[in-house]
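Enquirer: This structure is in structure tokens; I'll ask about it shortly.
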Amino acid sequence: MLSRCTRGPKTDWNLSNHTFVSRGHDSRFRSQTQLHTSAQGGLKMPSWGELLNELKQLQDKKQTEPFDYVRRKYLAELHAHTGRDTVLCATRWTQPSTGIPPEFVSITEEDVHGLMEAFHGLSSDKLDLILHSPGGSLEATEAVVSYIRSKYSDVRVIIPHAAMSAATMLACSADKIVMGKHSFLGPIDPQMILDTPLGPQSIPAQAILDQFDRAKQECKDADLLSAWVPMLGQYGPALLTQCQEALDLSKELTSEWLAGYMFRGDQNAKEKAKMGASKLANHKAFKTHGRHINREKARSFELSIENLEADQRLEDLVLSVFYATNHTFNGTTATKIIENHVGHAFVKMIKIRTAVPRPPQQPQVPPGQPPQTQPAPVPSGHQSLT
């Protein structure tokens, strides 16, 4: 594991020994955005593939850290368009990866440190938070929201793809949520990590409570009791209480944030907030924690949603930042990026260790006998992540 903070858009990454050199601000990030003309005559930002070609061209020109260069360039352009402080908070959770611990891509207490770095030197009271996250710790999310709202009176959360679970709760602390046709929120019902015979399992708190209620009924039948005993044995003495308290806290915090920010000034703020939080936490309705909630469904929960496509320039810039961020995850060992529009960044990385195969050993043979040859093993090139 490795985390780094940088001040300034131009940074040297040496992934072999994990040393990092931060340099000063480079004004070229504000002036070299590559624009394209659309068929309607307007300006259009590059697509995923065009942005990848831009990165390759910069690599061919020996540009120092092209991933940082391109990502920060579009963040600066986005800030120039909106006039609002702009912070990216994204993790590598949608990329196919093996062996990355969940805390490397989830909301954790460390994210407060990342936001402290990203907010350094910013002076506006208006924030655009570009959020791409699977969720994470409920307690850490509460701390993150508290810190953000202590710094900004006007917050927009922009979702280029998905903000799920606790990240949905974070989005509900905004004044507005900006979503495209391709953007999604997720249910906020808490998940409990249980040690089972199959290993650690993430199980919805509501499902545990429902299963226990069912067990109380079916265990009255002696023929069914023996089937329930192994399952009930995995429940600790406090688990049911913990499940109920986690459910209550999830709805309580979301309702509090909705009433205090998104519905601020509405005479029915508390009622709307309670209804919205209850619908987002309704596991029985969603049936699985991974369900995706599009903007039309989110509006039916009374959430204040703005269409990303309403401002074509905003959409192009947000997606350019998002594409550049995903290219960064695909091309480096970064797992989490919290970064502002002037290049102050907190980047969490995972160290990749390559296993070097040992040369084959010839077996010892008695004198006078020919050696027995065996085919050498083929190196697998296996990589382990630590």
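The values are calculated or read from the model by the stated rules, or taken from the named source; none is laboratory data. Please read all numbers here as calculations on a predicted model, not as lab measurements. Cβ: placed from backbone, ideal geometry, glycine included. Neighbour counts: every protein chain shown.
Enquirer: Which condition breaks for Ile177 when tested against (1) touching a strand residue (DSSP E or B) at 6+ places or on another chain (Cβ under 6 Å); (2) surrounded by fewer than 21 Cβ atoms within 10 Å (Cβ to Cβ)?
Expert: (2)
Enquirer: Related question: Taking only the stretch 117-174 into account, find how many residues are of a type in the set (S, T, N, Q), buried (at least 19 other Cβ atoms within 10 Å of the Cβ) and in contact with a Gly (Cβ under 9 Å, 6 or more places away or on another chain). Please lay out each step first, then the result.
Expert: Keep residues of the stretch 117-174 that are of a type in the set (S, T, N, Q), which gives 123-124, 133, 137, 141, 146, 150, 153, 165, 168, 173.
Right, trim to buried (at least 19 other Cβ atoms within 10 Å of the Cβ) and you get 133, 141, 165, 168, 173.
Next cut, in contact with a Gly (Cβ under 9 Å, 6 or more places away or on another chain) only: 141, 165, 168, 173.
The total comes to 4.
Enquirer: Looking at (1) modelled with pLDDT of 75 or more; (2) of a type in the set (Asp, Glu); (3) over 28 Å from the mean Cα position of the chain (by Cα), which is the one condition that is false for Asp189?
Expert: Exception for Asp189: condition (3).
Enquirer: Follow-up. Hey, can you tell me all the residues within the stretch 77-93 that are in a loop (DSSP other than H, G, I, E, B) and in contact with a Phe, Trp or Tyr (Cβ under 8 Å, 6 or more places away or on another chain)?
Expert: Arg92
Enquirer: Are any residues in the stretch 195-239 outside any helix (DSSP H, G or I) and either of a type in the set (Ser, Thr, Tyr) or at pLDDT 75 or above (or both), and if so, which ones?
Expert: Thr196, Ser202, Ile203, Pro204, Cys219, Tyr235, Ala238
Enquirer: Which of the residues that make up the stretch 91-136 are among the aliphatic types (A, V, I, L, M) and either within 13 Å of Met349 (Cα to Cα) or not assigned by TED's automatic domain parsing to the domain that holds Tyr147 (or both)?
Expert: Within the stretch 91-136, Ile100, Val105 qualify.
Enquirer: Let me ask another. Within the stretch 252-343, which helices (runs of 4 or more DSSP H) (wholly inside it) include 2 or more residues that are without any contact (Cβ under 8 Å) to a residue 40 or more places away in the chain and aliphatic (A, V, I, L, M)?
Expert: 269-280
Enquirer: Which one is farthest from the chain's Cα centre (by Cα) among residues in the stretch 104-136 that are of a type in the set (Gly, Ala, Ser) and under 16 Å from Leu170 (Cα atoms)?
Expert: Per the criteria, the residue is Gly114.
Enquirer: Can I ask one more? Regarding Thr82, is this residue at pLDDT 95 or above and touching a His at 6+ places or on another chain (Cβ under 7 Å)?
Expert: Against the criterion (at pLDDT 95 or above and touching a His at 6+ places or on another chain (Cβ under 7 Å)), Thr82 does not qualify.
Enquirer: I need the full set of residues from the stretch 94-115 which are surrounded by fewer than 23 Cβ atoms within 10 Å (Cβ to Cβ) and either part of a helix (DSSP H, G or I) or aromatic (Phe, Trp, Tyr) (or both), in order please.
Expert: Pro102, Glu103, Phe104, Glu110, Val112, His113, Leu115 - these are the residues of the stretch 94-115 that are surrounded by fewer than 23 Cβ atoms within 10 Å (Cβ to Cβ) and either part of a helix (DSSP H, G or I) or aromatic (Phe, Trp, Tyr) (or both).
Enquirer: Does at least one position in the stretch 137-147 carry a residue that is assigned to a loop (DSSP other than H, G, I, E, B), within 13 Å of the chain's Cα centre (by Cα) and at pLDDT below 95?
Expert: yes
Enquirer: Of the residues in the stretch 240-291, how many are over 16 Å from Gly186 (Cβ atoms) and surrounded by fewer than 16 Cβ atoms within 10 Å (Cβ to Cβ)?
Expert: Selection size over the stretch 240-291: 17.
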